[in-house]
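Worksheet for the structure shown next.
The values are calculated or read from the model by the stated rules, or taken from the named source; none is laboratory data. Predicted model only: the values in this text are computed from it and were never measured. Note: ideal-geometry Cβ built from the backbone for every residue, glycine included; neighbour counts use all protein chains shown. For accessibility, only protein heavy atoms count, side chains too; no ligands or nucleic acids. Shrake-Rupley method; radii C 1.70, N 1.55, O 1.52, S 1.80 Å.
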Amino acid sequence: MKHNDVVFQSLMIISIISCIWFTWRIRSLKHICVFTGFAAMLAITAYLITSFGTLPINAQLRTWTQTSPPKNWVKILKLWDFYHTCRTVAAIASFIMMLIATFFKKQLYKKQFNRNN
C-alpha cells in the first residue's frame, strides 16, 4: 500500500506535465488550447484533492484497529468518499478534455491537408 501512494502521485504528476506540455505545443491554436488548459487545471485539481483530501484520511485509516474504529468512522468514510468522487470526476474530465483537444487538432490538420491537395 505504501508503494501505491508513490506510484499514483507520480502518474498524476506525469499527467499534469503532459497536459501542460500539450498546451504549450499547441498554443497557436487558441480554441484547442482552451481544452488542454482546462485539462491541466483539472489534473492539478485532482492532484490537490488527493494530496490534501484522501491521503491524510488514508493515513488516519491505517491507525485504526478492526475491533475498535473511532466513533465517527462513518463520517470520516463519507468524507473520504466525497473527496474520492471529486478527484475521480476531475481526472475523468481532464482526460475527456484532452481527448476533445486531440480530436479537434486532428480534424484541423485534416482540413489543412485537404486544402493543400
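The table below lists the values:
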{"quantity": "Residue with peak Gaussian network fluctuation, the chain [Cα springs, cutoff 10 Å], from A40, A59, A91", "calculated": "A59"}
{"quantity": "Degrees, to the nearest 10: 2-25 long Cα axis against longest axis of the chain", "calculated": "20"}
{"quantity": "Carbon + sulfur, % of accessible area of the chain - ligands and nucleic acids excluded, 1.4 Å", "calculated": "69"}
{"quantity": "Length gained when the stretch I57-V74 is fully extended (0.36 nm per residue, less Cα-Cα span)", "calculated": "4.9 nm"}
{"quantity": "Highest-MSF residue in the chain out of S68, S28, S18 [GNM, Cα springs under 10 Å]", "calculated": "S68"}
{"quantity": "Percent RCO, i.e. relative contact order, over region 31-90, from Cα pairs under 8 Å lying at least 6 residues apart", "calculated": "57"}
{"quantity": "Probe 1.4 Å, protein heavy atoms only - accessible area per residue of the chain in square angstrom", "calculated": "74"}
{"quantity": "Leading residue at positive end of dipole, the chain (Cβ point charges), from F95, A46, T23", "calculated": "T23"}
{"quantity": "Between 0 and 90°, nearest 10: helix 30-49 axis offset from the chain longest Cα axis", "calculated": "10"}
